[in-house]
Amino acid sequence: MKEAVRPPAAETAPALPHARSGEPLGPAGPTTVHYWPVEHLDALDFDPLLHRLVREEPVALVRMRYGEGHAWLVTRYEYVKEVTSDPRFSRALTVDRPVTGMTPHNVAPARGIGRTDAPDHTRLRRLVAQAFNRKRAAALRAETEATVERLVDTMMSRPAPADLADYVSGPLPERVIGKLLGVPRADLGRLQQWRAVILSTDVPVTQTSTVKSDIAAYFRQLADHRLREPGDDLFSELAAAEARGDLSRAELVSLSVMIVLNALDQVRNQCTSMVYALLTHPEQLAALQADPGLLPSAVEELLRFIPQRCGVGMPRIATEDVTVGGVTIAAGDAVYVSYLAADRDPAVFTHPDRLDLTRTEAPNLAFGHGPHYCLGAALTRIQCHAVLSTLLHKAPGLRLAVPPEEVRWRRGTINRGPEALPLAW
Ligand code: HEM
């Protein structure tokens, strides 16, 4: 099935005489600020503005619904890698800046790992890496595979149709993250409710602030509990690191919040969308069924191809003037990169809007790049791999139980994915 790249919904604001007040734009600078309301998109449709900018204006200026002023948006693969590995773009400086953005509130906590720079950022990453060691990763892989087997068996023991998100891709990350972080299963319902509010794009700030305090209080209590009764989990190790003075309580709490929010939401969406993408590209599914050895490259291509979020993630602030793609980004300017757009860059990927499970051109940037590269990438790959391989093996006749256009997609939330995916086998 061909994915729609819709005609641009973004309006282009009138010509901008100056990039920043008082400073004329250089000859290579953009002359317009694109208004980017980040409209809701269904299925695997790709954002029309990103599609255009990566081809025509890889370093552009945008203004979104919330926040102040405008920000740079970098979309080309090569430039995205440049910006995200250049320490002259700071995350810590975003803390008190109301940078234009797509949500009324800041999704990432102020002391969160995503909004720190080296050396604090390096210290936090090292602590997580130590706690999430090889032994724990290997145990999680084996457990994930066994959990997926059980979840798929349960789904298939009932009469079709059944919702993949309900039976498999929703419960899976709950079990994995519950085990990894040592979160009691009885608390997952509450965490899911908080997740839905924090990741929404249209809930008022008063409501998100209350929920952020609730989730922080929850993890503070859990930390006290784990200090008294440590378990064999990442959270207990981080609590012990706090007791040694290696990280603060605020850092421990915001790190846990980031991990839980990402783990519960993204893996569910990603696994469900991957199955949808395969079932709506029957020739690709047939190739994978004929050669299951393709699975690792199939997972990578699906990660590249699926637009798993709306809009963009967190901005960075330039600490000095930096030239990117011939455009000067001035000290103090806010900059976003789009990993989604970079993964559809025609300079890197031939026919970028085509799903091709045999593709080998370049690594995808779905998990980001540079020092802030996603901490959950390995865990996500393990889960997606296990879901696809188990379904391929156990359900060779797997199909959508409704026409593709009847699949409902999540709305009003920053991450994209099906609301439900009714399957038959
Ligand atoms: C499909 C699944 C996922 C995708 C596509 C994804 C993508 C990303 C991206 C693009 C970033 C930001 C890179 C940047 O700031 O430049 C990121 C950061 C992060 N992700 Fe993920 N993620 C996924 C799953 C997960 C999971 C399962 C976890 C936790 C277990 C997780 C935890 C984090 C954390 C803690 C960060 C912040 C890292 C830092 O700032 O140093 N993510 N992720």
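Looking at the chain only, what percent of DSSP beta bridges run antiparallel? Nearest 5 please.
Values: 23 of 31 bridges.
Counting only bridges with both partners in the chain, antiparallel ones make up about 75 percent.
For the chain, hydrophobic long helices are taken as DSSP H runs at least 20 Å long by C-alpha position along their axis with mean Kyte-Doolittle hydropathy of 0.0 or more; these are 249-279, 377-394. The number of Lys pairs in the chain with C-alpha atoms less than 30 Å apart, excluding pairs fewer than 8 positions apart on the same chain, is 6. As a proxy for reagent exposure, ranking GLU283, GLU82, GLU419 by other Cβ atoms within 10 Å from fewest up yields GLU283, GLU419, GLU82.
For a quick check of your reading of the filter: which trypsin sites (Lys or Arg not before Pro) in the stretch 320-421 sit in a DSSP loop and have no more than 10 other Cβ atoms within 10 Å?
On the way: sites: ARG344, ARG354, ARG359, ARG381, LYS394, ARG399, ARG408, ARG410, ARG411, ARG416; in loops: ARG344, ARG354, ARG359, ARG408, ARG410, ARG411, ARG416.
Sites meeting the loop and neighbour criteria: none at all.
Taking 7 Å steps out from each Cα toward its Cβ at ALA160 and GLU283 produces label points 2.4 nm apart.
Ranking VAL80, ALA108, LEU247 by Cα position along the charge dipole of the chain, where only Lys, Arg, Asp and Glu carry charges on their C-beta atoms, puts LEU247 farthest toward the positive end.
Which whole-number value in Å³ per residue fits the convex hull of the alpha carbons of the stretch 101-168? Working shown, then result.
Values: hull volume 8.4 nm³, N = 68.
Hull volume over Cα atoms, normalised by residue count, gives 123 Å³.
Taking Lys and Arg as +1 and Asp and Glu as -1, the other residues whose beta-carbon sits under 12 Å from that of ARG309 total -1. For the chain, the C-alpha radius of gyration divided by 2.2 N^0.38 Å, with N the number of residues, is 0.98. Under a model in which nothing but the beta-carbon of Lys, Arg (+1) and Asp, Glu (-1) is charged, the chain shows a dipole of about 840 debye around its Cα centre.
As a proxy for reagent exposure, TYR276, TYR66, TYR167 were ordered by neighbouring Cβ count within 10 angstrom, fewest first; the result is TYR66, TYR167, TYR276.
Percent relative contact order of the chain, based on C-alpha pairs within less than 8 angstrom and at least six residues apart? Each step should come with its number before you reach the end.
Numbers: 679 pairs, mean separation 98.9, N = 425.
Relative contact order for the chain comes out at 23 percent.
Shown is the FRET efficiency for THR32 and THR206, computed with R0 = 22 Å from the Cβ-Cβ distance and rounded to the nearest 0.05: 0.05.
Packing here is the average count of other Cβ atoms within 10 Å per residue, and on that basis the peptides 307-313, 259-265, 146-152, highest first, run 259-265, 307-313, 146-152.
Per-residue ellipticity at 222 nm for the chain, helices alone: DSSP H runs ≥ 4 residues times -39500 (n - 2.57), over residue total, nearest 500 deg cm²/dmol? Let's see the in-between values first.
Working: 13 runs with 181 residues, N = 425.
Calculated at 222 nm, the ellipticity per residue is -13500 deg cm²/dmol.
With the simple spin-label model, which puts each label point 7 Å out from Cα in the Cβ direction, the GLU39 to ARG123 separation comes to 4.7 nm.
Every number here is computed from the coordinates shown, using simple stated rules; none is lab data. Given the structure is predicted, the values throughout are model-derived calculations rather than measurements. For neighbour counting, all protein chains shown are included, and Cβ atoms are generated from backbone atoms with ideal geometry for every residue, glycine included.
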